[in-house]
Amino acid sequence: MKLTIIGTGYVGLTTGACFAEVGHEVTCVDNNPEKIAMLLKGEIPIFEPGLAELVTKNVAAGRLKFSTSTAEGVESGEVIFIAVPTPPMPDGSVDLSFIEKVAREVAESVQPGQGFKVVVDKSTVPVKTGQKVAETIKRYGPEGVEFGVASNPEFLREGCAIDDLLNPDRIVFGTHDERTADVMRRVYSPFNAPVLATDVESAELIKHAANSFLALKISYINSVARICEKSGADIEMVAEGIGMDERIGRSFLNAGLGYGGSCFPKDIKAFISISESLGYPFELLKQVEEINDSQLDHFLAKIRESLWVFREKKIALWGLAFKQNTDDVRESVAIKLAQKILSEGASISAWDPEAVGTAKKFGNLEGDITYAEDQYSCLDGAEALVIATEWPQFGNADLAEIKKRMRNPIIFDGRNLFDPATVAQQGIEYHSIGRLPVT
Ligand code: UGA
């Protein structure tokens, strides 16, 4: 099928590449000419494992094209996906102006003779956005245009987006008519995954409800971790024990510094805001947010308790990205932690396998911070090591080498990457989340 994706951000570009990979002919459109020029040269503006190879392969096969022209994309595409940003407004609601603009541009480009078009919203949006998109196309489009509107939320995780897209747990799309639903079934026929076809509003709600539920699991386990700290229980064992219940599941029960990234913080705020505007204040989600915000202060308090004062201390920081396998620092708890440590007068030597560049560019890190050449030189002369991101190479690090490099062998592990007994054997003071400190 001929598909068009408008917006070559994280979702648009990865989705476009994966649609091409399964055999569709895809045009990715973006109004940023520099971005399109980069992509045409084979340069990928984001770090996502496997994406560069997939783009190169599908461009060479002639299945993936890039353009700055919405009109060109609308003309060629039987299905037009909207994958533009939906940033948060200061009050937590969602700024839908990019969606509205694209819907208008699609309406102004489409011609009656171009056949039935399906306009699909892939961006994460509040429930009822599909209705607005349909109204906009009707209002600004020419008479006689035949189109359907669908909502098709994505469930990809940064860092494993390609696998999530090519081998999804489920495919969800919502439409209000069978003709549009048939088109969506054809789009997804090359994928081997269960399909849930719903109405537009349910599909929109599924996305916010799914992300909120995952965030709820994280805040839940972080609260249980607090009880563990107060009672001497071990959160890793508790998570294992409750996660063995198939009804609960072990995933997203990793206690730590809480969730960050470009999705959860924004989506939870948006869901709270939508619920409120619909007349149901979602109090439970407000608690999820509060618990998440408090994790960082709780962790800082632990560090302060052991180090006493930050001023003039040299802290090694492992992790800047909001999670492993990404260079993304948006809403990264690691960055917030670094900002607080710096503001209290400590110096930081930071290391992240991928996110040093993005942290320098977008992290707003002011103060005495340097960026190390590698994971171990980061530790030289440090009075404490703070681990803020769950990169696997941090958990596999050589503890003897850590101890050798540091001035004081103390680890504050915000992601529970080490076994406390193993660290203790090395003579390293170890503080983590939901487990008693080993000194
Ligand atoms: C999340 C969802 O997992 C995807 O399904 C969804 O499609 C995506 O948002 C989106 O809305 O686009 P992502 O933000 O890439 O994906 O990252 P996650 O892997 O979900 O991690 C989010 C945050 O939660 C990270 O900061 C991570 O460190 C934290 N986390 C995750 C925990 O603290 N504990 C856990 O057990 C799991």
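Going by accessible area, probe 1.4 Å, with all protein chains left in place, what is the ranking of F81, F155, largest first?
F155, F81
Quick one: ranking E204, E236, E283 by accessible area, 1.4 Å probe, largest first, what do you get? Kindly include the intermediate steps, with their values, before the conclusion.
Details: E204 5, E236 50, E283 105 Å².
Largest accessible area first, the list is E283, E236, E204.
Given segment 180-328, report the % of alpha carbon pairs whose separation exceeds 18 Å.
Tail of the P(r) past 18 Å holds 70 percent of the pairs.
So how much accessible area does E72 have, in Å² to the nearest 10, using a 1.4 Å probe?
Solvent-accessible area, nearest 10 Å²: 100 Å².
Please determine, in degrees from 0 to 90 and to the nearest 10, the orientation of helix 178-188 with respect to the longest principal axis defined by the Cα atoms of the chain, where the helix direction is its Cα long axis.
Long axis of 178-188 versus the principal axis of the chain: about 50 degrees.
Indicate the gyration tensor shape class of segment 222-262 (rounded, prolate or oblate), computed on the Cα atoms with a ≥ b ≥ c the square roots of the eigenvalues: a/c under 1.5 is rounded; otherwise a/b larger than b/c is prolate and the rest oblate.
Working: a/c = 2.80, a/b = 1.05, b/c = 2.67.
Note, shape of segment 222-262 comes out oblate.
Please determine, in degrees from 0 to 90 and to the nearest 10, the orientation of helix 97-109 with respect to the longest principal axis defined by the Cα atoms of the chain, where the helix direction is its Cα long axis.
Orientation of helix 97-109: about 20 degrees from the principal axis.
Students often get this wrong, so check it: of K35/K360; K269/K314; K138/K269, which have C-alpha atoms separated by over 24 Å?
Flagged as over cut-off: K269/K314; K138/K269.
Taking only protein heavy atoms into account and a 1.4 Å probe, give the accessible area per residue of the chain in Å².
Heavy-atom accessible area per residue stands at 44 Å².
Can you give me the Cα centroid spacing of segment 389-411 and segment 123-191 in angstrom?
46 Å
State the percentage of accessible surface on segment 358-417 attributable to carbon and sulfur atoms; use a 1.4 Å probe and exclude ligands, DNA and RNA. Could the numbers behind the result be given before it?
Details: 1180 of 2780 Å².
Exposed carbon and sulfur together represent 43 percent of the surface.
For the chain, take the longest principal axis of its alpha carbons; what is the angle in degrees between that and the long axis of helix 129-140, to the nearest 10 within 0 to 90?
Tilt of helix 129-140: around 40 degrees.
The values are calculated or read from the model by the stated rules, or taken from the named source; none is laboratory data. Everything numeric here is computed off the predicted structure, so don't read it as measured data. For accessibility, only protein heavy atoms count, side chains too; no ligands or nucleic acids. Shrake-Rupley method; radii C 1.70, N 1.55, O 1.52, S 1.80 Å.
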